[in-house]
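Here the structure comes first, spelled out in structure tokens, and everything after it is commentary.
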Amino acid sequence: MRGKTVAILESRFGEQLADLVSKRGGHPLRAPALAEVPDVDTPFVANLVAELNSDPAKIAIFQTGVGTHALFRATDSLGLTGNLLALLAQMVVVARGPKPTAALRSRGVRINLSAQEPYTTNEVLKALETVRVAGERVIVQRYGMTNAELEKALTARGARIVEIATYRWSLPDDTRPLLELIASLEQGRVDAVTFTSAAQVRNLFSIARQQGRADSLKAGLNRTLVASIGPVCSNALKQFGVAVGIEPHPPKLGPLVSALDQALSR
């Protein structure tokens with residue numbers, strides 16, 4: 001990366017991503033744009049498990065690894081994990097990608113359907129194309145926000161959606177690094193920006209709007225090489241008028257950094 005400055009908005013794996021950039025000769029600029037706030041409603045989980053014994057669900061969709069682990073920690077604390085596992089054994093279990101797959105396997109859960117790369121909602125819906133959902137309850141492990149696209153598509157097919165909240169996305173407590181990043185983009189002091197979730201895009205523009213600098217942010221990003229982890233993130237950037245320069249295949253950190261390295265080293 002030849003001494004280029006690369007902004008990193010990732011929070012959970014931000015240090016790992018910064019290390020990858022540094023090892024390739026780049027200068028990482030950390031500006032975490034996302035905080036994951038635990039949001040498990042334990043009484044709701046207890047009531048849901050009880051309800052499922054009398055009104056079973058046909059399908060359970062797990063969208064994230066962290067959310068799947070959070071759900072099982074809640075049932076562990078309630079002494080209901082055995083009950084939940086027995087219920088899941090009677091359902092069509094759908095995993096959105098490798099992380100929920102690993103989380104489910106760690107609990108011995110059989111996975112019936114898996115979304116293919118790049119693990120977006122579209123692939124989840126494709127996996128469910130031949131499964132009858134009309135009139136059926138469908139459990140959806142929510143990620144940081146409601147997956148409106150998934151809910152709308154399944155509801156249109158007659159499904160009865162039941163969401164399980166496990167965590168929610170929020171702005172980090174300290175937003176100064178984001179404000180500094182916006183200023184650096186305005187001044188042309190950043191060579192590339194990496195986005196690893198759509199929520200990071202929305203939070204960055206939310207901060208910019210509060211400062212009356214959304215247009216300036218868009219202009220700054222469009223003067224900079226923008227790297228997006230995958231289609232969902234890229235769509236969010238496009239909605240804000242930002243051109244995406246890099247989208248790796250598969251949508252993982254390693255390929256993202258490799259593609260960025262190639263582009264910045266030309």
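In this structure, is LYS238 among the basic types (Lys, Arg), at pLDDT 95 or above, more than 21 Å from the chain's Cα centre (by Cα) and not assigned by TED's automatic domain parsing to the domain that holds GLY97? Show your work before the answer.
Working: among the basic types (Lys, Arg): yes; at pLDDT 95 or above: yes; more than 21 Å from the chain's Cα centre (by Cα): no; not assigned by TED's automatic domain parsing to the domain that holds GLY97: yes.
Answer is no for this residue.
I'd like the residue in segment 16-44 that is of a type in the set (Lys, Arg) and in contact with a Leu (Cβ under 9 Å, 6 or more places away or on another chain) and, out of all such residues, is surrounded by the fewest Cβ atoms within 10 Å (Cβ to Cβ).
ARG30
Looking only at residues that are small (Gly, Ala, Ser) and surrounded by 15 or more Cβ atoms within 10 Å (Cβ to Cβ) in segment 78-120, which one is modelled with the lowest pLDDT? Let's see the steps before the verdict.
If we filter segment 78-120 for residues that are small (Gly, Ala, Ser), which is where we start, we get 79, 82, 86, 89, 95, 97, 102-103, 106, 108, 114-115.
Keeping just the survivors that are surrounded by 15 or more Cβ atoms within 10 Å (Cβ to Cβ) gives 95, 97, 103, 114-115.
Working: ALA95: 98, GLY97: 93, ALA103: 98, SER114: 97, ALA115: 96.
Selected residue: GLY97.
Looking at PRO28, PRO38, which one is at pLDDT below 95 and of a type outside the set (A, V, I, L, M, F, W, C)? Outline the logic, then answer.
Details: PRO28 fails: at pLDDT below 95.
Going through PRO28, PRO38 in turn, the sole match is PRO38.
Considering VAL201, VAL190, which residue is closer than 30 Å to ASN122 by Cβ and either assigned to a loop (DSSP other than H, G, I, E, B) or touching a helix residue (DSSP H, G or I) at 6+ places or on another chain (Cβ under 7 Å) (or both)? Write out each step before concluding.
Details: VAL190 fails: closer than 30 Å to ASN122 by Cβ.
Step by step, each of VAL201, VAL190 is checked, and only VAL201 is closer than 30 Å to ASN122 by Cβ and either assigned to a loop (DSSP other than H, G, I, E, B) or touching a helix residue (DSSP H, G or I) at 6+ places or on another chain (Cβ under 7 Å) (or both).
Looking only at segment 39-52, which residues are in a helix (DSSP H, G or I) and in contact with a helix residue (DSSP H, G or I) (Cβ under 7 Å, 6 or more places away or on another chain)?
Within segment 39-52, THR42, VAL45, ALA46, VAL49, LEU52 meet the criteria.
Enumerate the pairs (first residue in segment 174-195 and at positive phi; second residue anywhere and assigned to a helix (DSSP H, G or I) and surrounded by 22 or more Cβ atoms within 10 Å (Cβ to Cβ)) with beta-carbon separation below 9 Å, excluding pairs fewer than 6 apart on the same chain, so at least 6 apart or on different chains.
These pairs meet every condition: GLY188/GLY220.
Give the number of residues within segment 109-129 that are over 16 Å from the mean Cα position of the chain (by Cα), part of a helix (DSSP H, G or I) and in contact (Cβ under 8 Å) with a residue 24 or more places away in the chain. So that I can check it myself, show each step before the final result.
So in segment 109-129, the residues over 16 Å from the mean Cα position of the chain (by Cα) come out as 109-114, 125-129.
This time we only want the ones that are part of a helix (DSSP H, G or I), so: 125-127.
With in contact (Cβ under 8 Å) with a residue 24 or more places away in the chain added as a condition, the list becomes 125, 127.
Total meeting the criteria: 2.
Those residues that are in contact with a helix residue (DSSP H, G or I) (Cβ under 6 Å, 6 or more places away or on another chain) and part of a loop (DSSP other than H, G, I, E, B), I need them from segment 230-266; list them, please.
PHE240, GLY241, VAL242, ALA243, VAL244, GLU247, PRO248
Is one or more of the residues making up segment 65-82 out of contact with any Gly (no Cβ under 8 Å at 6 or more places or on another chain), in a loop (DSSP other than H, G, I, E, B), touching a residue at least 40 places away in the same chain (Cβ under 8 Å) and farther than 21 Å from GLY230 by Cα?
Within segment 65-82 (the criterion being out of contact with any Gly (no Cβ under 8 Å at 6 or more places or on another chain), in a loop (DSSP other than H, G, I, E, B), touching a residue at least 40 places away in the same chain (Cβ under 8 Å) and farther than 21 Å from GLY230 by Cα), the answer is no, since none of the residues qualifies.
The values are calculated or read from the model by the stated rules, or taken from the named source; none is laboratory data. Since the model is a prediction, treat every value here as computed from it, not as a measurement. Cβ: placed from backbone, ideal geometry, glycine included. Neighbour counts: every protein chain shown.
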